[in-house]
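FYI, it's all coordinate maths here, none of it is from the lab. These numbers come from a predicted model, not from an experiment. Here the Cβ positions follow ideal geometry from the backbone for every residue, glycine too, while neighbour counts run over all protein chains shown.
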């Protein structure tokens, strides 16, 4: 009788990469550079929000909630001198990551489709429901203001077939190969990259500490299309 214990080989074939790196040297300059964009967003959007909410709730109830649940969204950041180094790094790194993942990138260049900063309401309630950024290849965040008391990105399993057949998790607090969502705790200065097909959301912010982040999306475009050939 053969009592030899057999070892089963395990190979993982469809992982989803999420890359992060601390770039605290850009933190203070990026906060300074985005201050004007956030100020503009408050001036542009707050009067409209106040008018709409007062009309819906009345002045008394509006004073209870103010801009609770709102997020202030900037215009595009591309080309801002204070963010030039960050913008260049994100573009170059996005191309390198796609190449590292196995894509043939020799005939492609990366282009920003979106590059903006957001700040959640100081009265709390800021959030984003689950979404993807279609027609892109790389998405990511650069966190400027956050803490263990602020909102955080929640990433969901992008495999539709896997989601359809999920079994109950033994311990939802543990990270396993078959988790269905991941609460990603950011830190100020953290830069995160992930495939743009990954569904993500932002959990409800409590309004305790400031929460501000840059969000970017990039598309790989064929060089012969760019050149018009």
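Structure above, values below:
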{"quantity": "Whole-percent pair-distance distribution, where bins are 10 Å wide, for the alpha carbons of the stretch 161-203", "calculated": "20, 49, 27, 5"}
{"quantity": "Relative contact order [Cα under 8 Å, 6+ residues apart], the chain, whole percent", "calculated": "30"}
{"quantity": "Modelled label reach - residue 122, point 7 Å along Cα→Cβ, the stretch 1-42 residues with backbone N closer than 15 Å", "calculated": "35-36, 38-42"}
{"quantity": "Crossing angle, helix 84-100 versus the chain [Cα axis fit, 0-90 degrees, rounded to tens]", "calculated": "20"}
{"quantity": "Highest average packing first - 86-95, 58-67, 166-175, Cβ atoms within 10 Å", "calculated": "86-95, 58-67, 166-175"}
{"quantity": "Relative exposure of 144, 77, judged by other C-beta atoms within 10 Å (fewest first)", "calculated": "77, 144"}
{"quantity": "Equivalent ellipsoid, the chain (semi-axes from 5 times Cα gyration tensor eigenvalues, Å)", "calculated": "35, 26, 16"}
{"quantity": "Extension gain, residue 101 back to residue 160 (0.36 nm per residue minus Cα-Cα distance, nm)", "calculated": "19.2 nm"}
{"quantity": "Burial order of peptide ranges 184-194, 5-15 (average beta-carbon count within 10 Å, highest first)", "calculated": "184-194, 5-15"}
{"quantity": "Rg over Rh, two decimals, the stretch 48-180 (C-alpha only, Kirkwood Rh)", "calculated": "1.05"}
{"quantity": "Highest average packing first - 147-153, 50-56, Cβ atoms within 10 Å", "calculated": "147-153, 50-56"}
